[in-house]
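Engineer: Got a structure for you, questions after.
The values are calculated or read from the model by the stated rules, or taken from the named source; none is laboratory data. Quick caveat: nothing in here was measured; it's all calculated off a predicted structure. So basically every Cβ, Gly included, is an ideal-geometry build from the backbone, and we count neighbours across all protein chains shown.
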């Protein structure tokens, strides 16, 4: 089922069904999550990349981290999995390599705020000087996903530095796989 179609919200999958490179979109009950969802007109507020062995890489304040998906989804209200069909082993490896190389980089709060319609209207573009020189200086969650895919030669049709969780959810190149929660 393509991501831009209505998803079957009753289709649940297990962590064991995840594949390297899967994109995990989620939301929680916190105020930051609510702000992101309102600002991007989306049911999702966060994005992660599955790298295998129950681990994900995500950009979350204050930095890019590697963590266990099972521990993380405990705090999610719901968690959906999307997949780019037919990724080659080489592409999957490049996605993992790129995202792993970003671990420890700072969270891009200014980019996250200015990527939403509401944030851009209220605040205008707020790039850090470093981001003007190098757009991969730091990351917000869905930006990390988009740049990781781009590094593998799989652009997701959006300006990587402006990609939101909503952009990923409606991307017709991605297929809805199921819910983890």
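Engineer: So which residues in the range 25-47 are part of a strand (DSSP E or B) and closer than 18 Å to residue 12 by Cβ?
Structural biologist: Listed by number, the residues that qualify are 25, 26, 27.
Engineer: Still on this model: With the checklist (1) more than 16 Å from the chain's Cα centre (by Cα); (2) buried (at least 18 other Cβ atoms within 10 Å of the Cβ) in hand, flag the one item residue 49 doesn't pass.
Structural biologist: (1)
Engineer: Return only the number of the condition from (1) under 16 Å from residue 179 (Cα atoms); (2) surrounded by 23 or more Cβ atoms within 10 Å (Cβ to Cβ); (3) in contact with a helix residue (DSSP H, G or I) (Cβ under 6 Å, 6 or more places away or on another chain) that residue 54 does not satisfy.
Structural biologist: (2)
Engineer: Test each condition in (1) farther than 25 Å from residue 161 by Cβ; (2) crowded, with 22+ Cβ neighbours inside 10 Å for residue 68 and report the one that comes out false.
Structural biologist: Unmet condition: (2).
Engineer: Being under 16 Å from residue 178 (Cβ atoms) and more than 14 Å from the chain's Cα centre (by Cα): is that true of residue 10 here? I'd like the intermediate steps shown before the answer.
Structural biologist: On the way: under 16 Å from residue 178 (Cβ atoms): yes; more than 14 Å from the chain's Cα centre (by Cα): yes.
Yes; evaluated as a whole, the condition is true for this residue.
Conditions (1) farther than 25 Å from residue 9 by Cβ; (2) surrounded by 14 or more Cβ atoms within 10 Å (Cβ to Cβ); (3) at pLDDT 90 or above; (4) in contact with a strand residue (DSSP E or B) (Cβ under 7 Å, 6 or more places away or on another chain), marked per residue:
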residue	(1), (2), (3), (4)
74	no, no, yes, no
82	no, yes, yes, yes
116	no, yes, no, no
127	yes, yes, no, no
131	yes, yes, no, no
137	yes, yes, no, no
146	no, yes, yes, no
154	yes, yes, yes, no
169	no, yes, yes, yes
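Engineer: Continuing with this model, one more query. Check the range 57-69 and report whether any residue there is in a helix (DSSP H, G or I), touching a residue at least 24 places away in the same chain (Cβ under 8 Å), over 14 Å from the mean Cα position of the chain (by Cα) and over 14 Å from residue 145 (Cβ atoms). Give the steps one after another, and end with the answer.
Structural biologist: We begin by selecting, within the range 57-69, every residue in a helix (DSSP H, G or I); these are 69.
With touching a residue at least 24 places away in the same chain (Cβ under 8 Å) added as a condition, the list becomes 69.
Imposing the further condition that a residue be over 14 Å from the mean Cα position of the chain (by Cα) reduces the set to none.
There is no residue in the range 57-69 that is in a helix (DSSP H, G or I), touching a residue at least 24 places away in the same chain (Cβ under 8 Å), over 14 Å from the mean Cα position of the chain (by Cα) and over 14 Å from residue 145 (Cβ atoms).
Engineer: Among the residues of the range 11-24, write down those that are in contact (Cβ under 8 Å) with a residue 40 or more places away in the chain and not in a strand (DSSP E or B). First the steps, then the outcome.
Structural biologist: Going through the range 11-24, the residues in contact (Cβ under 8 Å) with a residue 40 or more places away in the chain turn out to be 11-15, 17-24.
Result: 11, 13, 14, 15, 17, 18, 19, 20, 21, 22.
Engineer: Still on this structure, please answer the following. Do the conditions hold for residue 18, that is, is it surrounded by 16 or more Cβ atoms within 10 Å (Cβ to Cβ), more than 14 Å from the chain's Cα centre (by Cα) and at pLDDT 95 or above?
Structural biologist: On the way: surrounded by 16 or more Cβ atoms within 10 Å (Cβ to Cβ): yes; more than 14 Å from the chain's Cα centre (by Cα): yes; at pLDDT 95 or above: yes.
In short, yes.
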